[in-house]
Amino acid sequence: MFLKLFFTLSILFIGSISSDTDEAVVETVDIQEENEIPNSFKAETRNGKLLFSYPHSPIVDMVVQSQSAHYASKNGDFFEFLRDPYPLPDGLKQPLQEYDFVIIGAGSAGSALASRLSEDRNTTVLLLEAGRTEMLLTDIPALAPYFQSTDYTWQYYMEPQPGVCTGMQNQRCFWPRGKAVGGTSVINYMIYTRGRPQDWDRIAADGNYGWSYNEVLKYYMKSEKANLKGFEKTYHRSRDGVMPVEFVPKKTKLVGAFLEAGRILGHPTVDYNAPETLGFGKVQVTQSGGRRQSAAKVFLHTHKKRKNLHIMPETPATKILIDSETKIAFGVEYVMNKRIHAVRARKEVILSAGPIASPQLLMLSGVGPQEHLISKGIPVVQDLPVGKTLYDHICFPGLIFTLNKTGISFTESRSLTIPAFSDWLRDGDSVLSSPGAVEGIGYIKTPLSGDPEPVPDIELIAIGGSIVSDGGPGDSKAVRRGMKIDDKLFNEAFGEIDNTDTWSAIPVLLHPKSVGYIELMNDIPFHHPRMVGNYLTHQIDVATFVASIRHIQALADTEPFKKLGAKVHPAKFSTCQGTQFDSDEYWECAVRTLTATLHHQIATCRMGPVGDPRAVVDPELRVHGVQRLRVVDSSVIPRTVSAHTNAPAIMIGEKAADLIKGTWGIPIKF
């Protein structure tokens, strides 16, 4: 019976995101006064009701209608009973007026930080989060791409930029970020990477004391609970933490071909998180038994009954309260029940809202570039280069190889079945445990790398399929829609191989020379900021992508892939007419057509010592010139790193907890 219910709900969920635009089911909330409602919530109003829209699906209509007599949500959220609740203790209906620490944002860093600070029962912590709590369906790794188009994601878009994302909807780059208790760790592909030792040693060498590789390693290890078939027994891994790190239980034969091809070209099969050697390896993910382990699940869920930890989902912060004369942060304004409330922090306010929302909230609170804040009518508290630096990891998913073997790759039509759900529910051992078909990671240095040390300039993400694997009749096409690829362009380029057996390796530019920035659109906290990526404005970034494509082609030309009949698909991009297929010019155009982010924006609240003209926080994450205010998330990372940013964000939360405890004399557990 439970399996039937779960399968119905899963199909309901999948169907509910199959369209990006059509409105069907809505939730309603009474409107008291128009100016009390956050603008980001104002999808539409009718007859004095505020409407929250879900994408159209006949299945949604049918199920909601059939269930309406049996289930009534208090807030109109049909999925409410599937979500993980975080009730306040002792019957409280709203937060207290004062806490020791107020943390804004329950993402990867914020979840870890709140958990560690509240270990001391005499320390009170309020954790504010704009998004909802995760639910049963977010535990399924294979559904990762589906969540890009749901209310678990901030629907951010980069400002239009000529020459990039030309094949995306409206020719704009999509920047989804997690909007949930757990942040982006609820919607990401769960890939666990730490970065090279040189990345962190260089950060420390810039004057950021305490951030060398050996110093951050202990915080990676503090969180980690590794089960990696022997790798966890090495000195740099840990089995004693709370964050599971495992191999994916279900893989295709394609990952074996990828690793063998790598060895042929001189890339050893290794633990790619080991500090000694660059190489290729099976992907390591934050899973346990085939189920997603978000930061919320491992750091908050098991501690939700702590009376000194109050967690407030769907409670967006709107302003950090700072005394303009003393420059001391003393509280936070937030929205609850459509009204503005304030809470005081006895010790510190800690901003953990991520690389987009953290700089936005700082600037809204008067901390940022003076000239820019004045232009938006915001009184300046502290002139700092907030948002002036932005790095991002971008990738190219359009290099696809067809195969002459059938049934060898992942496809949605073969994966989303009742037996697969049954296997996953029972023991996690089914294709649903695959994080969007990601199977392997490889680090390479292209001929264009000028780095004298073993630091890669490209990461290869080996897929047991490709972006056409979601495309059978009636399938959701969630991957391409999650990336916001234009349907017409996609069909012209890949329609003839849709839903066939394929292999791809996605190149990721690890150390871009191109630098972007973030600034405010206006002084309204519920409007998205203005985000400028400046992707591929430095020619070396373009050339590095082309070099990585040549390397992937060399991998596909080795015997392991020849046995599978691997041949590069000559995609006909309408944006690249006039270029000869497989020329460097063609591949540059292709990269500019399908330019996708990996959600790894950093440096918008850049860390640096006193005197660093680009620094927003010091090496102890304290905002320069403002007392009792810190930023604790991936926005503080000052340099590009050879890592997906989820594990570094958790490490930052762990390290920040000890820094804060040390400041206030709170006992430190290690």
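The values are calculated or read from the model by the stated rules, or taken from the named source; none is laboratory data. Predicted, not measured: the structure shown is a model, and the values here were computed from it. FYI the Cβ positions are ideal-geometry reconstructions off the backbone, even for glycines, and counts take in every protein chain you see.
Structure data summary
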item: Helices (runs of 4 or more DSSP H) contained entirely in the stretch 532-640, each with at least 1 residues that are in contact with a Phe, Trp or Tyr (Cβ under 6 Å, 6 or more places away or on another chain); result: 539-556, 584-593
item: Qualifying residue in the stretch 283-295 (condition: under 21 Å from the mean Cα position of the chain (by Cα), of a type outside the set (S, T, Y), in a loop (DSSP other than H, G, I, E, B) and farther than 30 Å from G464 by Cβ); result: no
item: Positions within the stretch 277-302 being farther than 27 Å from G182 by Cα and out of contact with any helix residue (DSSP H, G or I) (no Cβ under 9 Å at 6 or more places or on another chain), in sequence order; result: T277, L278
item: Complete set of residues in the stretch 211-245 that are aromatic (F, W, Y) and either touching a strand residue (DSSP E or B) at 6+ places or on another chain (Cβ under 9 Å) or part of a helix (DSSP H, G or I) (or both); result: W211, Y213, Y219, Y220, F231
item: Unmet requirement for E620, which otherwise passes all of (1) in contact with a Cys (Cβ under 9 Å, 6 or more places away or on another chain); (2) touching a residue at least 40 places away in the same chain (Cβ under 8 Å); result: (1)
item: Residue within the stretch 79-95 that is under 21 Å from I652 (Cβ atoms), assigned by TED's automatic domain parsing to the domain that holds L659 and of a type in the set (D, E) present; result: no
item: The one condition in (1) out of contact with any strand residue (DSSP E or B) (no Cβ under 9 Å at 6 or more places or on another chain); (2) modelled with pLDDT under 95; (3) in a loop (DSSP other than H, G, I, E, B) that R426 fails to fulfil; result: (3)
item: Of all residues making up the stretch 179-206, the number that are aliphatic (A, V, I, L, M), over 19 Å from I441 (Cβ atoms) and not in a helix (DSSP H, G or I); result: 3
item: Every residue from the stretch 144-178 that is surrounded by fewer than 23 Cβ atoms within 10 Å (Cβ to Cβ) and part of a helix (DSSP H, G or I); result: Q148, S149, Q169, N170, Q171
item: Filter result (touching a strand residue (DSSP E or B) at 6+ places or on another chain (Cβ under 6 Å) and on the phi > 0 side of the Ramachandran plot) within the stretch 355-377; result: none
item: Sole residue being among the aliphatic types (A, V, I, L, M), outside the structural domain of S642 (by TED's automatic domain parsing) and surrounded by fewer than 17 Cβ atoms within 10 Å (Cβ to Cβ), chosen from A543, A556; result: A543
item: Test result for V479, within 18 Å of A144 (Cα to Cα), in a helix (DSSP H, G or I) and out of contact with any Leu (no Cβ under 7 Å at 6 or more places or on another chain); result: yes
item: Failed item in (1) modelled with pLDDT of 95 or more; (2) over 28 Å from H600 (Cα atoms), with G105 passing the rest; result: (2)
item: Test for D271: is it touching a His at 6+ places or on another chain (Cβ under 9 Å) and within 27 Å of N227 (Cβ to Cβ); result: yes
item: Restricting the stretch 641-670 to residues that are among the polar types (S, T, N, Q) and in a loop (DSSP other than H, G, I, E, B), the residue that is surrounded by the fewest Cβ atoms within 10 Å (Cβ to Cβ); result: S642
item: Set F81, F101, F147: member being aromatic (F, W, Y) and out of contact with any helix residue (DSSP H, G or I) (no Cβ under 9 Å at 6 or more places or on another chain); result: F81
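A quick yes/no check of all residues on (1) surrounded by 24 or more Cβ atoms within 10 Å (Cβ to Cβ); (2) in a helix (DSSP H, G or I); (3) under 23 Å from the mean Cα position of the chain (by Cα):
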{"residue": "D451", "(1), (2), (3)": "no, no, no"}
{"residue": "I461", "(1), (2), (3)": "no, no, yes"}
{"residue": "V468", "(1), (2), (3)": "yes, no, yes"}
{"residue": "L489", "(1), (2), (3)": "no, yes, no"}
{"residue": "S504", "(1), (2), (3)": "yes, no, yes"}
